[in-house]
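Below is one structure, written out as structure tokens; the observations come after it.
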Amino acid sequence: MIRDIERTLIGREAIARRVREMGLQIASDIERELLAEGSSVDESGRVSLISIMTGALIFTADLVREMPLKLSLDLVTVSSYPGASTMSKGAAMRSVLPKNLKGKHVLIVDDILDSGQTLDLVDRLVKEQGPASVRICVLLRKLVPRVVDVPAHYIGFDIPNEFVVGYGLDYDNYYRNHPEIGVLKPSAGAGA
């Protein structure tokens, strides 16, 4: 697998450090909002994290361990890069969104903000339920013009317009288990 990686953009130590910082910041922001409402930080059912699968799986697992909050975790599947594609084909829900988000503080977690279509779709569907707040957290934000302008509240790293894999991100469902964020060699398929 490592022989298919042209170069590393973000190493595992930098990822771990940034995920820890993000988790603590998110928890602090949500805790402050709960306390301002007069709610207990440990009040059951007030914080819901929605992770977009499958790319955000590893990021979400590490992030929630850094968030000292009582929260529920839901997973949704949205497809936008089917198979061996390196270009978004538009976002489509592949699973059911939780239906109990009214009055909750919702954190949507995704691996990468690229075209904006996936996060826009999930954000709109969540907001239709009347949550108390909605925040978007992404590990990576590509510095590109977006099809849909979606503001991310928490961003791990800004990256150039390159197709990346590792730490949950894939090419044709491979390389998710690579522990760093890397760029594939063209001979591995992503540049072809």
| message | Looking only at the range 158-192, count every residue that is open to solvent by less than 40 Å² (accessible area, probe 1.4 Å) and not in a loop (DSSP other than H, G, I, E, B) and tell me the total. | response | 11
| request: Tell me which residues, restricted to the range 112-129, are open to solvent by less than 20 Å² (accessible area, probe 1.4 Å) and part of a strand (DSSP E or B). | output: L113
| message | Which condition from (1) of a type in the set (V, I, T); (2) buried (at least 17 other Cβ atoms within 10 Å of the Cβ); (3) not in a strand (DSSP E or B) is the one that I50 breaks? | response | (3)
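Counting only residues that are small (G, A, S) and open to solvent by less than 60 Å² (accessible area, probe 1.4 Å), which one in the range 17-39 is farthest from D110 (Cα to Cα)? Walk me through how you get there before you give the answer.
Quick first cut of the range 17-39, residues small (G, A, S) only: 23, 27-28, 36, 38-39.
Subsequent filtering for residues that are open to solvent by less than 60 Å² (accessible area, probe 1.4 Å) retains 23, 27-28, 39.
Values: G23: 14, A27: 17, S28: 20, S39: 27 Å.
Step by step, filter the range 17-39, then rank; the result is S39.
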| request: Tally the residues that are over 30 Å from E37 (Cα atoms) and touching a residue at least 12 places away in the same chain (Cβ under 8 Å), restricting the search to the range 133-172. | output: 24
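The values are calculated or read from the model by the stated rules, or taken from the named source; none is laboratory data. What you are looking at is a predicted structure, and each value in this text was computed from that prediction instead of being measured. Backbone-built Cβ (ideal geometry, glycine too); neighbour counts: all protein chains shown. Side chains are part of the model used for accessible areas, which takes the heavy atoms of the whole protein and leaves out ligands, DNA and RNA. Shrake-Rupley method; radii C 1.70, N 1.55, O 1.52, S 1.80 Å.
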